[in-house]
Structure formats: structure tokens, C-alpha cells
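This report refers to the structure that appears directly beneath it.
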Amino acid sequence: MSFRVSRRNFMAGGATLLSLSALGNSAFAQENRLRLIWWGSQPRADRTNKVSDLFKTKNSGVAITGEFLGWADYWPRLATQVAGRNAPDVIQMDYRYIVEYARRGALAPLESYMPSKLQLDDFDPAQIEGGKVDGHFYGVSLGANSAATVINTVAFKEAGIDVPTNKTTWEEFGKIGAEITKAGKRKGYFGFADGSGGEPLFENYLRQRGKALYTTDSKIAFGAEDASEWFDMWAKFREAGACVTPDIQALYKDTIDTSPLTVGKAACDYAHSNQFVGYQAMVKDKLMLSNYMRIKPDSKGGHYRKPSMFFSVSAQSKAIDQAVDYVNFFVKNPDAAKILDVERGIPESKAMRDVVAGTLDETGKVPLEYVSGLGDLAGPLPPPPPTGAGEGQVVLRTISEQVAFGQLTPADAGKQLVDEITRILARG
């Protein structure tokens, strides 16, 4: 399913920006209501709703309604709402999509609210830059994170196998996975999930090869050979029984509750560090985080510290001022920080990091220590993905499944991936 919204609809929404902004305060005075939308699991929803309740107690007369969906369903819903000029006031936005939504007029620029309403003076400047598009500020980072491997330590112990270290290579990881599967300590259990369709994994692999997903001028930054070798590596993992079968992997819907690790089919899966709290809440065995594997023992690694997600304000909002107040409360109120913990990543505000650090339990400390300890595995933040990057992610997933089910060879898949993404980017 396409996540794109037509340019005409986006432009129609953008054309209403000035008139809606002009109505802003008076309209809010009449409605006094904010709508939020975010992706995530029930635990994230519970935390978000508690913060909204807290905001309401400090802002008499404000009504807040929220909705949340899984990642796969979120973007079609948001695109439809934006196109229908019915976008929520506060929108959870991803680094992958912020350029597309900003350039098509769906988001309100927020730099004029700093520092009067948005008080981000103790944020990491690099993370503020991550929320900018074409010189305007569209996204307030809700936390920092990095991609990670989630490992079921109990399953490894049962199989008598040591967990991967930050030096483990992909080749060694394949052997580890096959050994866990062969050990057969759990019924229908495999070493790890099939990550061939995971964009963060593929990007990490490319960065270790000195490549990237996209150039700074919005073109594809890898070749067919890179992609073919990626698909071939995963084909060998499947052949060795190291990763789950394609029919199991196909049930994964980009949600924690459908992860092969969560449903008891694999000892490892791939996520972002802020998701660890959610994984541990759903898996009774003790979990841990590790980096993505290295392609060579001396590889520097392909990680980076990124905004886990943003809060953006809809350009269609009739209550932009109030929406900005809510976002500032979300990232700078100490009581809100305690509620949110590190579920959306490590707080960007130093003051809020200090608040949260004193309250973290053992589970909450894991992502904090992981991101802090990446060392030479972490490099600079890449530029925001270009318009069409969301479609590119879907294409990667689709082609990886075709390889897994034997419908494409790794060599053909690599060429097809490059051709399709090149065509998507050219469309703009």
C-alpha cells in the first residue's frame, strides 16, 4: 500500500495555511481542543495519555483526544487525514518522512516559537538540526536512540551459546543463529529474525561499506552490487536455518507484539533502542541490547544517534499556539519526563535526562547505557531522507520477501531494488 499523498492534495492543504493560521487563536478559543496522533504500542499510549491528563490539569478547559496505530497503518492514516484537511494538531513524525511532509506544506514551521514557547536551549544542537528542513524547524525530537539487536539471553543460555559481542561479525552471527536453531531447545525456534527487509539494518550495512541509502542531493547512494550481496547474505542465513522461515517473518507487521522474538520464534530481532522497554514488557525472559553485527572484525560500524521521533504541529491546526505549548510541556516538564521515561528514547533535554536518570529501573537503564556506549560503532547523523524514502522502505521489504520466497534471485533483487528506488526518487 502506498503511503504517498498526492502533491495536489498536499498543496491544497498548504494553501490553507495562512488562512488557518489567521484563524488560529480565535478558533482555539471556541474549540479549546487538541488532537494527537502517534504510532506505537499500548504501553506508549498509556504513557502519552498520562502526560495529556497532566497537561489538562495545568491548563483548565483544554480537551485532548489521541489516537495511535501500528507503524504500518500509521502512515496511510496520516496521509489520508492530511489530504482530507483533517490532520491532528500534534503529529508524531519520523526522520524518514519529515522532509516529505514539510516540503508539501503539511507541517507548521516552529522556529518563531523559540524560545518564547519552545524552550529547547539545553537540547543537543545536532538533534535540533535533525528537525529542520530547508532552514525551517518542523520537528521537536522526543528522544535519542540508535538501532540495535534485541537478544533473548535466556534462549542463548538454554542453548549453551554466548551472546554476540560488539565485535561479532555477520558471518559469525550466522553460525550462532544456526547453532541456536539446531539446539532445538524451544519448539519451532530459530536463531534470529529475518532482517533482510529492515531498512535500518540495510543502512547500517551500507555505512560499514562506506555507502549510504541516499546522497545529500536526494539520489540513491548505493549500487546493485551492494544490495545483491545483502540479499545473498540473508539467503545463506535462511539456507543454514539461522533465521526464521519466510512464512514466519511475513507475520511481522512492524510492531513489537508481532516480532518473531516477542511471539517466541527467534532469539534475536532488530529494533531501535527506545523500543527495548516495550519488548521487555512483552517478553518474560531477560533481554539485552547489542549493536548490529560488523561486516568485518575491523569495521567501524554503521550506527548513529538519531531522533527517535519528532512531535510536529500540523499546518492545518486551528490551535497552533496551544499545540506548541503541549509539545514544550511534553519535552520539558519534569513530571511528564518521569511518566515518559525512556520509552521514546533518551530525553534530548539535559535537565530532563537528569530527572529521568534518577528514576530509571534496570530495564530503563539498558537503552541509556547502550546508546552511551556505542563508541566507534557510531558515526555522524545522515541527512533527512528525501521525498519518496518511505516508498523506498516498502520496496526493500517487498523485494526481500520475494527473495525469501524464491521468486527473485539475490542478483536480480539487487538490480530491481536500485531501479525502483531510483525511479521513485526521480519522481520527487
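The values are calculated or read from the model by the stated rules, or taken from the named source; none is laboratory data. In this text, all values refer to a predicted model and were calculated from it rather than measured experimentally. All Cβ positions, glycine included, derive from the backbone under ideal geometry; neighbour counts span all protein chains shown. For the accessible areas, the whole protein counts, side chains as well, though only heavy atoms, and no ligand, DNA or RNA atoms are used. Shrake-Rupley method; radii C 1.70, N 1.55, O 1.52, S 1.80 Å.
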Take the Cβ-Cβ distance between LYS185 and THR165 as r, set R0 to 22 Å, and report the resulting FRET efficiency rounded to the nearest 0.05. 0.55
Taking 56 Å as R0, compute the FRET efficiency from the Cβ-Cβ separation of LYS211 and SER60 and round it to 0.05. 0.55
Sites ARG85 and ASP53 - FRET efficiency at Förster radius 25 Å, r taken between beta-carbons, to 0.05: 0.30
Tabulate in residue order the Karplus-calculated ³J(HN,Hα) for region 93-107, using 6.51 cos²θ - 1.76 cosθ + 1.60 with θ = phi - 60°, rounded to whole Hz; enter x for Gly and Pro. 10, 9, 4, 5, 10, 5, 5, 4, 6, 5, 5, 9, x, 7, 10
Find the accessible area per residue for region 338-428; the probe is 1.4 Å, ligands and nucleic acids are left out, and the unit is Å². 44
Spin-label point model (7 Å from Cα, Cβ direction): what's the LEU69 to GLU129 distance in nm? 3.4
Ignoring any ligand, DNA or RNA, what whole percent of the accessible area of the chain comes from carbon and sulfur when the probe is 1.4 angstrom? 52
Within the chain, the percent of DSSP beta bridges that are antiparallel, given to the nearest 5, stands at 60
Taking all protein chains together and a probe of 1.4 Å, list ASP162, ASP321, ASP53 from the most accessible to the least accessible. ASP162, ASP53, ASP321
The longest stretch of the chain containing none of the trypsin sites (Lys or Arg not before Pro) that sit in a DSSP loop with at most 10 other Cβ atoms within 10 Å is 1-186
What are the ³J(HN,Hα) couplings of region 278-293, residue after residue, when phi is run through the Karplus curve with 6.51, -1.76, 1.60 and θ = phi - 60°? Round to Hz, x for glycine and proline. x, 4, 5, 5, 9, 10, 6, 6, 6, 10, 9, 10, 9, 6, 5, 5
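Just need the relative contact order of the chain here, percent rounded to a whole number, with Cα pairs under 8 Å and 6+ apart.
Computed value for the chain: 27 percent relative contact order.
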How much accessible surface area, in Å² rounded to 10, belongs to the heavy atoms of VAL277 with a 1.4 Å probe? 20
What residues from region 254-271 fall in the zone where the backbone N is under 15 Å from a label point 7 Å along the Cα-to-C-beta line of ASP285? 259-270
Find the accessible area per residue for region 130-185; the probe is 1.4 Å, ligands and nucleic acids are left out, and the unit is Å². 41
